[in-house]
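Colleague: What follows is a structure written as structure tokens; I'll ask about it next.
The values are calculated or read from the model by the stated rules, or taken from the named source; none is laboratory data. None of the values given here were measured: they were computed from a predicted structure. Backbone-built Cβ (ideal geometry, glycine too); neighbour counts: all protein chains shown.
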Amino acid sequence: MTYVIAQPCVDIKDRACVTECPVDCIYEGSRTLYINPAECVDCHACEPVCPVEAIFYEDDLPRHWAHYRSVNAEFFEAAPLGRDRPRDSPGDHPLVTALPPQSLYKKEISAFAVRKEEAADADLWFPS
Ligand code: SF4
Ligand code: SF4
């Protein structure tokens, strides 16, 4: 079993998850990051730190992003990182490459995430 990075990461790539992973199994593509399912140890450390909630346990993927399980796995089947695939321009899975720019959509999500944090803080200090 594995965790999976889905579409919200595309064009964000803040790498917050990378520093949390104890086995260094999160790799960088050109527009998104990918979890190697052969290396992930299901520790859950990456999921809570993602600011756009892009990381899911594979069985918990929303139906409309279910194909990201294959997207993550196939990224590592295409070409070995560091040899055929240069580290400075690693490319992406074809489904990610075909996506339109996500930045406008992401700004809306980020704003929502900030408001959600503010709401959580308000609940903490002024419990109902
Ligand atoms: S669940 Fe753990 S091992 Fe798997 S990608 Fe996340 S931090 Fe790394
Ligand atoms: S924390 Fe989330 S948005 Fe940031 S790089 Fe990881 S998966 Fe992408």
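Colleague: Look through segment 23-61, keep the residues that are touching a residue at least 60 places away in the same chain (Cβ under 8 Å) and of a type outside the set (A, V, I, L, M), and return whichever of them is nearest to ligand 1 (Cβ to nearest atom). Steps first, answer last, please.
Modeller: Let us first name the residues in segment 23-61 that are touching a residue at least 60 places away in the same chain (Cβ under 8 Å), namely 27-32, 51-53.
With the extra rule that they be of a type outside the set (A, V, I, L, M), the set shrinks to 27-32, 51, 53.
Numbers: TYR27: 10, GLU28: 13, GLY29: 15, SER30: 19, ARG31: 18, THR32: 14, PRO51: 15, GLU53: 14 Å.
Filtering segment 23-61 for residues that are touching a residue at least 60 places away in the same chain (Cβ under 8 Å) and of a type outside the set (A, V, I, L, M), the one nearest to ligand 1 (Cβ to nearest atom) comes out as TYR27.
Colleague: Go through segment 59-118 and give me each residue that's at pLDDT 90 or above and either among the hydroxyl-bearing types (Ser, Thr, Tyr) or in contact with a Gly (Cβ under 6 Å, 6 or more places away or on another chain) (or both).
Modeller: Across segment 59-118, the qualifying residues are TYR68, SER70, ASP92, THR97.
Colleague: Which number in (1) among the aliphatic types (A, V, I, L, M); (2) under 15 Å from VAL96 (Cβ atoms); (3) out of contact with any helix residue (DSSP H, G or I) (no Cβ under 7 Å at 6 or more places or on another chain) marks the one condition that VAL10 misses?
Modeller: It is condition (3) that VAL10 fails.
Colleague: Check ALA78 against each of (1) touching a residue at least 40 places away in the same chain (Cβ under 8 Å); (2) surrounded by fewer than 16 Cβ atoms within 10 Å (Cβ to Cβ); (3) more than 15 Å from ligand 1 (Cβ to nearest atom) and name the one condition it does not meet.
Modeller: (1)
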